[in-house]
Every structure is written in C-alpha cells, then in structure tokens.
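Each value in this text was obtained by applying a stated rule to the coordinates, not by laboratory testing. Model, not experiment: these values are computed from the prediction. FYI the Cβ positions are ideal-geometry reconstructions off the backbone, even for glycines, and counts take in every protein chain you see.
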Amino acid sequence: MVGPAQYTRQVAKEAKRVRWPKPNALVTTILTVVVITVVLAIIVSLEDLAAGTLFKQLKAMFKGWIK
C-alpha cells in the first residue's frame, strides 16, 4: 500500500503521459453527444405522448366496463 503523497505523485506522472484530445476534436465530440442526446430525448418524449394518448383512448373506450 502506498501513502497519499506517493499516490499523488504517481497520478500526476500518469496524467502527463495521457494524450489529451485536440480542442477541435473535443468540440466535435461534445456537439455529437449533445445532438444525439437531443434527438433521443425527442424520440422518447414522442413515444411517451403516444402511449399516454393511447391509454386515454382505451380508458374512454372501456369506461362503461369499469365499476
């Protein structure tokens, strides 16, 4: 087991070896994630709206059956 100081030095040493993405690649990746997230949120919202409408219609159709 290593102490906190040695652990911190090892983390700093490892972080220097990491190849960080270029700013333009980072922006492209962030925009891609945002666009995909928005599209999926719209799709899920539309499915939720459709399911809610379907259940309301079914409830209205079978209103006389429920006592």
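For this structure, a couple of remarks:
- When the Cα positions of GLN6, VAL44, ASN24 are compared along the charge dipole of the chain, GLN6 comes out farthest toward the positive end, with charges on each C-beta of Lys, Arg, Asp and Glu.
- The angle between the Cα long axis of helix 4-17 and the longest principal axis of the Cα atoms of the chain comes to about 80 degrees, rounded to the nearest 10.
- This model, with +1 at the C-beta of Lys and Arg and -1 at the C-beta of Asp and Glu, gives the chain a dipole about its Cα centre of some 200 debye.
- Per residue, the Cα convex hull of the chain amounts to 164 Å³.
- Computed FRET value (nearest 0.05) for ARG19 with VAL39, which takes r as the C-beta separation and R₀ as 22 Å: 0.15
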